[in-house]
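Below is one structure, written out as structure tokens, with a few remarks after it.
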Amino acid sequence: MSEKHKLQEKIFHCGETYFQSLLEDINKAKKSIDIEVYIFSKDNLGKKILKELIAATKRKKIRIRLLVDGAGTPFWGGKLIRKLEKYGIKTKVFNPLPWEIWQWRRSSSKMPFLLHIFYMILKINSRNHRKSIIIDDKIAYVGSLNIDQRHLSKKNGGQNWRDTAVRLKGCDLKNISVAFNKAWDHNIWQTKIDKLVNNINNKIRLNNTAKTRIMLYRNLLKTLGKAKNRVWITNAYFIPNNLFLKKIKKLARAGVDVRIIVPKKSDIPSMQWAASSLYEKLLNSGVKIYEYSPSMLHAKTIIIDDWVVLGSSNLNHRSLLHDLEIDIKIESEQAKEDVISQFKQDQANSETTELSSIPKRKVHKKIIGNIIVFLKYWV
């Protein structure tokens, strides 16, 4: 049986099913668990996962590594984390904020002390935004879900955030492991990058280097340029650069079905105001825009004809220039149809944006939104 026929891609669209599956796999782990998330909240969900990780170390000798981002998880530390380390669970913080002194000893950087401080200040805008979990080097979870109960339904103490993720099994996960290890060591002097990670044609899309970022973005624009029927985008923070906007407007004018779903109410309101400042020109070009209203839309998916990608990347300058991201190119027809079907469902649960509604937006929102678009390099 070929590797392609062994491939399993299970799609998740809500926190309940995602975390249930994740906890089951943690419970079955035999050798290793590597967790890399931007946010790891010490809420009820976070504590439940940490409890399962500790239980895994008690069952058998399992290597567990947990990497969080210094800005996404600024208060990582304290009694609970020391308890993890007592059981042999290793934890690190990627690029701590300079003033978060208590995180310095858990920093993933191996630089000398003074150089490390200078680096933290110079690279304060560089973040690890990936959400990836590898279990026994056989199973991987990738998507837009942090370890945070906001992704759960309200009945389970969450805010019912809409997210998308995939569970991978039966495919080569080496790229994800290589990327995790590089972030874990955070060795800026290491310039030789694994060729697998730099191959943009791979299923696993990682932006580990400046060169790879450019290659991946050019690949996305090239794929857009080949669109014949549809370009359907779901994105939490939609502030793309001018070249991307020019591409999708041109496609819409040429008759391609271009649809964009963004949150009606964002966890970062100013981001939604910035996205709305782009509406008029997009709508005038024939792009259809929908605002998801049931809850916060945090998913990141792109559908271009039969090409489907999901992951952690937002369509903004932060993902393009600053943050480490991971996306997955979906290959199985069943998984593709799952993502496409969810897009249609999200659209049905969204409000259609019309040109006539744009002048009604409050003046302060327009002003702040335009300022953020002007400063989009930093957001």
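When residues of region 283-301 are filtered for being more than 25 Å from Gly158 (Cα to Cα) and either among the hydroxyl-bearing types (Ser, Thr, Tyr) or buried (at least 21 other Cβ atoms within 10 Å of the Cβ) (or both), how many remain?
3
Please determine, by comparing only the residues of region 323-347 that are part of a loop (DSSP other than H, G, I, E, B) and out of contact with any helix residue (DSSP H, G or I) (no Cβ under 8 Å at 6 or more places or on another chain), which one is farthest from Ile248 (Cα to Cα).
Checking each candidate, the answer is Ser332.
Evaluate region 137-156: report whether one residue or more is touching a Leu at 6+ places or on another chain (Cβ under 8 Å), modelled with pLDDT of 95 or more and surrounded by fewer than 18 Cβ atoms within 10 Å (Cβ to Cβ).
Checking region 137-156: at least one residue is touching a Leu at 6+ places or on another chain (Cβ under 8 Å), modelled with pLDDT of 95 or more and surrounded by fewer than 18 Cβ atoms within 10 Å (Cβ to Cβ).
Looking only at residues that are more than 10 Å from Asp34 (Cα to Cα) and part of a loop (DSSP other than H, G, I, E, B) in region 118-136, which one is modelled with the lowest pLDDT?
Among those residues, the one meeting the criterion is Lys123.
From the residues in region 294-322 that are within 19 Å of Leu243 (Cβ to Cβ), assigned to a loop (DSSP other than H, G, I, E, B) and not hydrophobic (A, V, I, L, M, F, W, C), which one is nearest to the chain's Cα centre (by Cα)?
Among them, the one singled out is Ser313.
Just one of Lys79, Lys92, Lys86 is touching a residue at least 24 places away in the same chain (Cβ under 8 Å) and in the same structural domain as Lys123 (by TED's automatic domain parsing); which is it?
Result: Lys92 is the single residue among Lys79, Lys92, Lys86 that is touching a residue at least 24 places away in the same chain (Cβ under 8 Å) and in the same structural domain as Lys123 (by TED's automatic domain parsing).
Here's the yes/no breakdown for (1) touching a helix residue (DSSP H, G or I) at 6+ places or on another chain (Cβ under 9 Å); (2) of a type in the set (Asp, Glu):
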| site | (1), (2) |
| --- | --- |
| Asn229 | no, no |
| Trp232 | yes, no |
| Tyr237 | yes, no |
| Leu245 | yes, no |
| Ile260 | yes, no |
| Pro263 | yes, no |
| Ala274 | yes, no |
| Glu291 | yes, yes |
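The values are calculated or read from the model by the stated rules, or taken from the named source; none is laboratory data. Source: prediction; values computed, not measured. With ideal geometry, Cβ positions are generated from the backbone for all residues, glycine too; neighbour counts draw on all protein chains shown.
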